[in-house]
């Protein structure tokens, strides 16, 4: 599974720049700065997908108590944070020439930043955790609470202030070639996200296996040979 | 023993412990006072800018003082294995959570009640004309803070870096209720009614309802061995 996804991701990431830079026409007002949109939006989409997976896997972990759901949640949080970081990096690069500021406290920017903070805290909780089984439960609780908070964060920051360009895609204001390029990039990023996620989960499983083998070996060494 | 009798017993236990030691309230209040004083050094006292950011300072004060109380709430239970004792009681886990959360809320309210006059005096803000509306906002802010705070305090008490972990987990989650409380306080102190900030009040109420329910459900998983 992870090999197929890896090949898909590789192919996707090879054609995505062509569609973003050459196939899609140059936007009239923003010129080349708009090109970052094709990487910015897919990154945002997959990072939210990642946080949603964290939520679902966390609920499943608390419910079924199976180790594998925790591995999925942790892996999704890691990959989600990675793409969320990309969103927070590509955004300012675009904002500087267009808004003439690296950062503004707009609803979507702020929500993304707060989300990033929540899931970085999630990763920190994992590194500073004590007892492994208990820590997995704590992470699941944070994964659930954090996701439940998203609509409230968005709504509160929305009342606070809004500046981000409206979602053109929904309004149908996006030109056909731009829309196609965006879809290609979305697919490529989703494939890349899934490839990384599957890779991370299988790595975590290998780590666990290694840990059990080590513990087993140690036990054999310490116990007297019959 | 019914649910609320159990809640009452746990709340009463925390209050008795506090009445005998007076550790938590005194440290929380002193810290709140320090935050207010330090903000006066950082910004020009009596200036126009100071009046504008006063609501923010008020809530930073409450949040930091509350955080101190939360940390104590579960480290206290951990010492001498009190938490295991508490869990062995034939009490509903939900009741333990509500009791602890109510205790945290009560301590925070006491500290807020004492800190508010100092805030009014040091910041030169007329608190009295808006007192009723302010109390409603403070009640909402305190309930929301205590609900999520108690859940996370129970978690962070069992991690390696206890005191550090709690604010890292808690503050990002608190963003909606803090924004609502600060913006609501801003409007109320400027003489507006609660009707003018109904959007913020709705967010605060939604936060309190959602996270009280979620915390009661999730607390069971946090404390089980």
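Using Cα pairs closer than 8 Å and at least 6 residues apart in sequence, work out the relative contact order for chain B, in percent.
Working: 229 pairs, mean separation 58.2, N = 225.
Relative contact order here is 26 percent.
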Whole-Å distance, taken between Cα centres, linking the stretch A:194-226 and the stretch A:2-23: 34 Å
Cα gyration tensor shape of the stretch B:3-117, rounded if a/c is under 1.5, else prolate or oblate by comparing a/b with b/c: prolate
Chain B - mean residue ellipticity at 222 nm from DSSP helices (-39,500 (n - 2.57) per run, n ≥ 4, rounded to 500): -29500 deg cm²/dmol
Gain in span if fully extended, residue B:136 to residue B:161, counting 0.36 nm per residue against the direct Cα distance: 5.5 nm
R0 of 35 Å, Cβ-Cβ distance residue A:23-residue A:85: FRET efficiency to nearest 0.05: 0.80
Ordering of B:95-102, A:111-118 by burial proxy (mean other Cβ atoms within 10 Å per residue, highest first): B:95-102, A:111-118
Debye log10 I(q)/I(0) at q = 0.09, 0.13, 0.18 Å⁻¹ for chain A, Cα point scatterers: -0.46, -0.85, -1.34
Anisotropy class of the stretch B:3-223 from Cα gyration tensor, a/c 1.5 cut: prolate
Helix axis angle, A:132-160 relative to chain A longest principal axis, alpha carbon, degrees: 20 degrees
Neighbour-count ranking [beta-carbon atoms within 10 angstrom, fewest first] of A:94, B:4: B:4, A:94
Selected from A:47, A:127, A:74 as most flexible by GNM, with chain A as the system and alpha-carbon contacts under 10 Å: A:127
MRE, 222 nm, helices only [DSSP H, n ≥ 4, -39500 (n - 2.57), over chain A, to nearest 500]: -28000 deg cm²/dmol
Relative contact order %, the stretch A:1-156, counting alpha carbon pairs below 8 Å whose residues are six or more apart: 24 percent
Between the stretch B:166-225 and the stretch B:57-136, the Cα center-to-center distance that results, in Å: 14 Å
Within 10 Å of each Cβ in A:112-119, the average number of Cβ atoms from other chains: 3
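What's the ranking of B:150-157, A:63-70 by average number of surrounding C-beta atoms within 10 Å, highest first? Don't skip to the answer; put the middle values down first.
Working: B:150-157: 27.1, A:63-70: 15.0.
Result, highest mean first: B:150-157, A:63-70.
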Computed P(r) (all Cα pairs; the stretch B:5-70; 5 Å bins; percent): 3, 16, 19, 17, 14, 10, 8, 6, 4, 2, 0
Separation in nanometres of the label points that stand 7 Å from Cα toward Cβ, at residue B:16 and residue A:212: 4.8 nm
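Using a 10 Å cut-off around each Cβ of peptide B:169-181, what is the average number of partner chain Cβ atoms that fall inside? Present the calculation step by step, with values, prior to reporting the outcome.
Details: counts 10, 1, 4, 14, 11, 2, 11, 12, 3, 1, 8, 5, 0.
Taking the mean over all residues of the peptide, I get 6.
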Overall form of the stretch A:1-124 per C-alpha gyration tensor (a/c, 1.5; a/b vs b/c): oblate
Among A:90, A:187, A:212: highest mean-square fluctuation, GNM of chain A, C-alpha pairs under 10 Å: A:212
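Summarise the partner chain shielding of B:201-213 as one whole number: the mean count of Cβ atoms from other chains within 10 Å of each residue's Cβ. Walk me through the intermediate numbers first.
On the way: counts 0, 3, 6, 2, 0, 4, 6, 0, 0, 5, 4, 0, 1.
If you average over the peptide's residues, the count of other-chain Cβ atoms is 2.
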Alpha-carbon centroids, the stretch A:84-148 and the stretch B:1-30: separation in whole Å: 35 Å
Tail beyond 31 Å, pair distance distribution of the protein assembly as shown (Cα, percent): 51 percent
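Rounded to the nearest 0.05, what FRET efficiency is calculated for residue B:3 and residue B:75 with R0 set to 25 Å and r the Cβ-Cβ distance? All intermediate terms of the calculation are to be shown ahead of the outcome.
Working: r = 26 Å, r/R0 = 1.06.
It comes to 0.40.
For a quick protection proxy, order the peptides B:119-125, A:48-54 by their average other-Cβ count within 10 Å, most packed first. Intermediate results must be reported in sequence, preceding the final value.
Values: B:119-125: 16.7, A:48-54: 21.4.
Ranked from most to least packed, the peptides come out as A:48-54, B:119-125.
No lab work stands behind these numbers, since they all come straight from the coordinates. Note that the coordinates shown come from a computational prediction; the quantities given were computed from them, not determined experimentally. Ideal geometry is used to build each Cβ from the backbone, glycine not excepted, and the neighbour counts take in all protein chains shown.
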